[in-house]
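Read the structure below first, then the notes.
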Amino acid sequence: YTWSNKLRADARLIRAMIRQRKAIDLIHCHTIEGLGIALAFKALTLSRAPICMDVHGPVVAELVHYRLIPAWRPVVAAVNGLESAMLSFVGHAFVSNDGLKNLLLQRLPGDRVTTVFDYVDLEHFDSGGLDHERLKELRARHKSDGGRLVAYAGMFKDYQGVDYLIRAFATLATRHPDLRLILIGD
């Protein structure tokens with residue numbers, strides 16, 4: 001991963017979108033980078049396709065946290081301004097929690113932000129397909145004392161925040177010795 005490789009890949013994506021411009025009715029972005037690609041496409045083609053976006057976190061704070069920009073006040077202010085300008089082109093934004101919605105409402109009108117909570121409704125899953133022997137084995141290994149299990153299933157990329165989970169768990173585990181943590185991922 002290098003910035004030059006990433007920029008080349010983004011340019012290829014913009015060119016591909018330009019070739020397909022007549023077929024594009026809506027642009028959905030998952031990241032601020034995706035929003036940049038969408039805005040470049042719209043500027044180059046004068047497309048009227050609306051943009052919707054999943055917003056996963058406060059962009060500028062993450063850029064500072066991961067040392068992608070320095071925590072120098074003028075730089076942070078400039079990037080905040082750029083982010084606000086970019087977000088002004090988003091027709092609708094989706095967030096996964098109300099805390100993030102409240103942050104986004106500082107930059108977008110309330111009718112353009114919707115919270116879609118991340119959760120799994122277990123009622124939609126049939127337990128008949130479970131391997132009960134394997135489940136018994138896993139319970140014996142990870143919940144032998146009947147304690148509570150906290151599970152993380154996902155990528156082990158630095159931006160996923162697994163380090164925060166581990167630190168939070170370490171704090172909780174001292175007060176709740178029946179807790180166990182299992183990390184599942186690539």
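With the requirement that a residue be open to solvent by less than 60 Å² (accessible area, probe 1.4 Å), over 20 Å from GLY36 (Cβ atoms) and not in a helix (DSSP H, G or I), what does the range 74-108 give you? If the condition is that a residue be open to solvent by less than 60 Å² (accessible area, probe 1.4 Å), over 20 Å from GLY36 (Cβ atoms) and not in a helix (DSSP H, G or I), then SER96 is the only one that fits. Every test in (1) loosely packed, with under 15 Cβ neighbours inside 10 Å; (2) under 12 Å from the mean Cα position of the chain (by Cα) is passed by TYR66 save one, and that test is (2).
Of all residues in the range 87-98, those satisfying the criterion of being free of Cβ contacts under 8 Å to residues at least 24 places away in the same chain and over 16 Å from VAL60 (Cβ atoms) are ASN97, ASP98. Filtered by the rule that a residue be farther than 30 Å from TYR66 by Cα and in a helix (DSSP H, G or I), the range 132-174 gives HIS132, GLU133, ARG134, LEU135, LYS136, GLU137, LEU138, ARG139, ALA140, ARG141, HIS142. Sub-6 Å Cβ pairs linking a first residue in the range 61-73 that is at negative phi to a second residue that is assigned to a loop (DSSP other than H, G, I, E, B) and among the β-branched types (Val, Ile, Thr), at least 6 apart or interchain, are LEU63/ILE69, ordered by first then second residue.
Kindly indicate whether any position in the range 130-151 is in contact with a strand residue (DSSP E or B) (Cβ under 9 Å, 6 or more places away or on another chain) and within 25 Å of HIS56 (Cα to Cα). The answer is yes, given that some residue of the range 130-151 is in contact with a strand residue (DSSP E or B) (Cβ under 9 Å, 6 or more places away or on another chain) and within 25 Å of HIS56 (Cα to Cα). Here the range 1-60 is the region considered, the condition is being in contact (Cβ under 8 Å) with a residue 12 or more places away in the chain, assigned to a loop (DSSP other than H, G, I, E, B) and of a type in the set (Val, Ile, Thr), and the residue that is least open to solvent (accessible area, probe 1.4 Å) is VAL55.
Pairs meeting the criteria (first residue in the range 122-143 and in contact (Cβ under 8 Å) with a residue 24 or more places away in the chain, second residue of a type outside the set (A, V, I, L, M, F, W, C) and surrounded by 10 or more Cβ atoms within 10 Å (Cβ to Cβ), beta carbons under 6 Å, at least 6 apart or on different chains) are HIS142/ARG180.
The values are calculated or read from the model by the stated rules, or taken from the named source; none is laboratory data. These numbers were taken from a predicted model, which means no experiment stands behind them. Counting neighbours? That spans all protein chains shown, and the Cβs are built from the backbone with ideal geometry, glycine included. Areas reflect the complete protein model, heavy atoms only, side chains present, ligands, DNA and RNA absent. Shrake-Rupley method; radii C 1.70, N 1.55, O 1.52, S 1.80 Å.
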